[in-house]
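Below is one structure, written out as structure tokens; the observations come after it.
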Amino acid sequence: MKSRIRLAVVALATAFLAACSSGVKLDDASTQGSAPIESRDAAAQGAAGAGADGRGIQQVQVEQRDPLNDPASPLAKRSIYFDFDSFVVRDEFRPTVEAHARYLLANPTRHVVIQGNTDERGSREYNLALGQKRAEAVRRAMTALGVPDSQMEAVSFGEERPRATGTDEASFAENRRADLAYQ
Amino acid sequence: MRQVLLAAVVALSLPIAAQAQMRLDVSGVGATQYPIAIANFATDARAPEQVADVVRSDLARSGSFRVIDPGVTLSESAAPDYASMRSRGADAVLGGSVSRLPDGRYDIRYRLADAVRQAPLGGESLVVSEHDLRFGGHRVADWVFEKITGEKGIFSTRIAFVSKQGTRFKLNVADWDGENVVSPLTSPEPIISPSWSPDGTRIAYVSFESRKPVVYVHTLATGQRVPVANFKGSNSAPAWSPDGRTLAVALTRDGLSQIYLITADGSGAPRRLTTSPGIDTEPAFAPDGKSLYFTSDRGGSPQIYRMPLDGGTPARVTFGSSYNVSPRVSPDGRLLAYLTRRDGRFLVAVRDLAGTGQETILSETGREESPSFAPNSRWVMFATQANGHDSLVAVTVDGRVRQRLTSSAGDIREPTWGPFPK
């Protein structure tokens, strides 16, 4: 009986995860395994299921989330902005860099690509090199915090993938940026 | 007087419809214009008659000729009516014929005569497939151009450029006048920095299709693509050595962008060429292959430097602005084209590398980039932005004749002028 309950919990947890992440298919084996329990419970206790008599307890366990997917985590911040003609990580972005460094150190199988960007003014190739300089500034900050090179790659999109497409200063500022993209 | 001015303006800005989607506008004339009458070529009923039209538009667009259409047909074997040609102001007259051969190809024959001295200047013939009749016309125009100016024509050369329509990027190849557009590559990710191999069979470029910049060499005839520089970090700015065996590229495998030499087939290990604490990029070989121009911020601002390839210290080449980038050396080695920032405007300029060092600004809008020389060193093509759209401009190095190539299909940019055809 205990193992059957466990099975039901696993089935529920699987269903919960499936509901959270679209595109994931339910595991056929656990679905089949849980079916007899539910149908028997339903037959004995009515459509309300386990716990309908007020004494049964259905045990539910919430799986620990990957903090990378937690919108409340500092890891949710993935962009580091730069001043005009500057390649220095500003103090206000230190917590973001540190949070990602901690995460990478705690998850040695994870790999991040640091993508540098620039505004559209001037030579495309020189802008590619400037975007790299921004990505490299973030990479070096992470290296200083102990993140191994094997978990990071600094690349540049230059002016080729602008987030803001306007030609005003606000758009230019939005594009002076390095993004952290996990693989 | 006002009417005369208006007529002149109309004559100088002939909108020439080029294909459904491309449009070429020409303005300005050369310092000297040679008046030439180009008669209709004699054809049999099965031969298309477009060859003489291609010759006329090529020579007119060059700015070096005043083209007169005498409205008569003249074959290469007939004697021109010199008195009539002179009365129309022509100093030379071209006649010819186009006839279909039994194998389906076309025989183009042509003869040029001096209308002043009433003497033949020579003639030739060439055989092309039906598909290459325009190319044949371009070859005739090249021959006439060289016969009269003493310089090689660029009418049979091709250009490559990148177009962006929505989120589709295309690498395109076209005739020098924007006709015959073919797209060797279409991608959902950006393509930049195309560069022709010296023999015109391959194009190197940077593609972001793997979500980072990687340098490919693309063989046009087969569509074969080889990632020749795909190292950790960014790979970009391919430049061919004159012998076509080596590419100079910018890599960031060792930190910031530095210049390396790789083989054009991607074999072997890269050889690092520059060592600076900052950015080195945008390499360009001098035509003799013995030195390399490049952009570097080693002195605090991005400037153009030149370094000998057999070792030696890079020497700064540009001054007078805090932003001089994108060096391109003319094939004759006499001129340097580059992008310079002046009062917040980005301008394409050319500079005399020998002698006076005189600079000519070729830009108009102040939002230009990516200069590229024609193989005869007489034209520079670059990208320009106006009204939120990218188009291409070709200007003679003296700044007198200007062509604008626009596409109704979207933005076109990153032009690179191909070599003379073999």
Problem set entry | Candidate set from the stretch A:118-143 (those that are more than 10 Å from every other protein chain (Cβ to nearest Cβ) and over 20 Å from residue B:253 (Cβ atoms)); member that is modelled with the highest pLDDT | A:118
For this session: Scan the stretch B:365-406 for residues that are out of contact with any Leu (no Cβ under 9 Å at 6 or more places or on another chain) and either small (Gly, Ala, Ser) or not assigned by TED's automatic domain parsing to the domain that holds residue B:163 (or both) and jot them down.
Result: B:372, B:374, B:386, B:388
For this session: Would you check if residue B:27 is farther than 19 Å from residue B:123 by Cβ and surrounded by fewer than 22 Cβ atoms within 10 Å (Cβ to Cβ)?
Result: yes
For this session: Just one of (1) more than 14 Å from every other protein chain (Cβ to nearest Cβ); (2) among the hydrophobic types (A, V, I, L, M, F, W, C); (3) over 16 Å from the mean Cα position of the chain (by Cα) trips up residue B:160, so point out which.
Result: (3)
Exercise. Among the residues of the stretch B:181-192, how many are under 22 Å from residue B:234 (Cα atoms) and either free of Cβ contacts under 8 Å to residues at least 12 places away in the same chain or more than 13 Å from chain A (Cβ to nearest Cβ) (or both)?
Worked result: 2
For this session: Consider residue B:183 carefully, then state whether it is over 19 Å from residue B:381 (Cβ atoms), polar (S, T, N, Q) and surrounded by fewer than 19 Cβ atoms within 10 Å (Cβ to Cβ).
Result: no
Seminar exercise, completed: Selection over the stretch B:113-140 where residues are farther than 16 Å from residue B:91 by Cα and either in a strand (DSSP E or B) or of a type in the set (A, V, I, L, M) (or both) yields a count of 8
Problem set entry | Residues of the stretch A:64-86 classified as exposed (fewer than 10 other Cβ atoms within 10 Å of the Cβ) and without any contact (Cβ under 8 Å) to a residue 60 or more places away in the chain, total | 4
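I want to confirm something. Restricting to the stretch B:355-393 and keeping residues that are part of a loop (DSSP other than H, G, I, E, B) and within 14 Å of chain A (Cβ to nearest Cβ), which single residue is surrounded by the fewest Cβ atoms within 10 Å (Cβ to Cβ)?
Going through the qualifying residues, I end up with B:387.
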Exercise. So which residues in the stretch A:97-117 are among the charged types (D, E, K, R) and either in a helix (DSSP H, G or I) or within 12 Å of chain B (Cβ to nearest Cβ) (or both), if there are any at all?
Worked result: A:98, A:102
For this session: For the stretch B:127-157, name all the residues that are within 19 Å of the chain's Cα centre (by Cα) and basic (Lys, Arg).
Result: B:134, B:139, B:152
Exercise. Given (1) outside any loop (DSSP other than H, G, I, E, B); (2) within 13 Å of chain A (Cβ to nearest Cβ); (3) among the aliphatic types (A, V, I, L, M), where does residue B:336 come up short, assuming only one miss?
Worked result: (2)
Seminar exercise, completed: Restricting the stretch B:340-354 to residues that are within 14 Å of chain A (Cβ to nearest Cβ) and not small (Gly, Ala, Ser), the one surrounded by the fewest Cβ atoms within 10 Å (Cβ to Cβ) turns out to be B:343
Seminar exercise, completed: All-but-one check, residue B:141 against (1) crowded, with 24+ Cβ neighbours inside 10 Å; (2) hydrophobic (A, V, I, L, M, F, W, C); (3) within 14 Å of chain A (Cβ to nearest Cβ), failing number (3)
Problem set entry | Sole exception among (1) at pLDDT 95 or above; (2) in contact with a Leu (Cβ under 9 Å, 6 or more places away or on another chain); (3) in a strand (DSSP E or B) for residue B:17, by number | (1)
Exercise. Take the residues of the stretch A:130-183 that are among the acidic types (Asp, Glu) and not in a strand (DSSP E or B): which is farthest from residue A:86 (Cα to Cα)?
Worked result: A:149
For this session: Could you check residue B:328 against (1) under 17 Å from residue B:370 (Cα atoms); (2) surrounded by fewer than 20 Cβ atoms within 10 Å (Cβ to Cβ); (3) among the basic types (Lys, Arg) and say which number it fails?
Result: (2)
Exercise. Given the conditions (1) within 25 Å of the chain's Cα centre (by Cα); (2) part of a strand (DSSP E or B); (3) hydroxyl-bearing (Ser, Thr, Tyr); (4) more than 22 Å from residue B:167 (Cα to Cα), and given that residue B:222 satisfies all but one, which numbered condition is not satisfied?
Worked result: (2)
Exercise. Here are A:129, A:137: which of them is free of Cβ contacts under 8 Å to residues at least 60 places away in the same chain, out of contact with any His (no Cβ under 7 Å at 6 or more places or on another chain) and under 15 Å from residue A:101 (Cα atoms)?
Worked result: A:137
Problem set entry | Which listed residue, of A:136, A:174, A:125, A:169, is of a type in the set (Asp, Glu), in the same structural domain as residue A:88 (by TED's automatic domain parsing) and closer than 19 Å to residue B:209 by Cβ | A:125
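Given the options B:104, B:178, B:122, B:166, name the one that is in contact (Cβ under 8 Å) with a residue 24 or more places away in the chain and crowded, with 19+ Cβ neighbours inside 10 Å.
B:178
The values are calculated or read from the model by the stated rules, or taken from the named source; none is laboratory data. Note that this is a predicted model, so its numbers are computed, not measured. Because the Cβ atoms are built from the backbone with ideal geometry, glycine has one as well, and the counts that use them run over all protein chains shown.
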